[in-house]
1. On full extension of the chain, what length is gained from Ile90 through Ile121, given 0.36 nm per residue of separation minus the C-alpha to C-alpha distance?
2. What does the highest-first list of 86-99, 121-134, 34-47, 65-78 look like by mean Cβ count within 10 Å?
3. Once you list every other residue whose beta carbon is under 11 Å from the beta carbon of Asn97, what net charge do they have if Lys and Arg are +1 and Asp and Glu are -1?
4. Distance check, please: which entries in Lys27/Lys54; Lys47/Lys81; Lys37/Lys81 exceed 20 angstrom between their Cα atoms?
5. Quick check: net charge around Ser117, other residues with Cβ under 13 Å of its Cβ, Lys/Arg +1 and Asp/Glu -1?
Amino acid sequence: MEPYSAYNIKRKKRKIHNSINFDIILKKVFKSQPGIKKVILVDKTGKTIASVSKFSYFSVAVDSIGATVSAIFCASEEQGKNLELGRLEIITSEFENGKIIASNFCSDAVLTLICDSDLNIGLIRLVLARAVSEVKDNFLLKFSNTLDFYDFSDL
């Protein structure tokens, strides 16, 4: 099996999203902190839009992680609505050997980071806020007529 065999599948999924290249933003997030191993952008249905990884041999099924994180995020979001706690911003799962951080990218997408356990959450929040701001400032201006399927009203 080739290490980049999923690449063509990812490219086809990106075309579904009007060929918007989210890789630029994901690479900036990825390079912002040395402890980040993987960055995955998924929609709220669990489909992977784009991903960036530290190592090509980092054996993780991106689509299954994306689907799981999306399901957990949506369930937590629903729970917050039922309890009238407001908008869900971030979910952090801390394990012995790392963290999974899921953040509301826009109302239709979740940005997921897989990182080392010693990574500073405060810095990650800042990085995620910058990524959302970049999408809002740059892509909305350039592609406003092609982003009709995304709802950025909460940004």
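Quick note: the coordinates plus some simple rules give every number you see, no bench work behind them. Note that this is a predicted model, so its numbers are computed, not measured. Note that each Cβ is placed from the backbone with ideal geometry, even for glycine, and that neighbours are counted across all protein chains shown.
1. Working: separation 31, 0.36 × 31 = 11.16 nm, distance 1.04 nm.
Computed gain between Ile90 and Ile121 is 10.1 nm.
2. Order by mean packing, descending: 34-47, 65-78, 121-134, 86-99.
3. Here the count lands on -2.
4. Over 20 Å Cα-Cα: Lys47/Lys81; Lys37/Lys81.
5. -2
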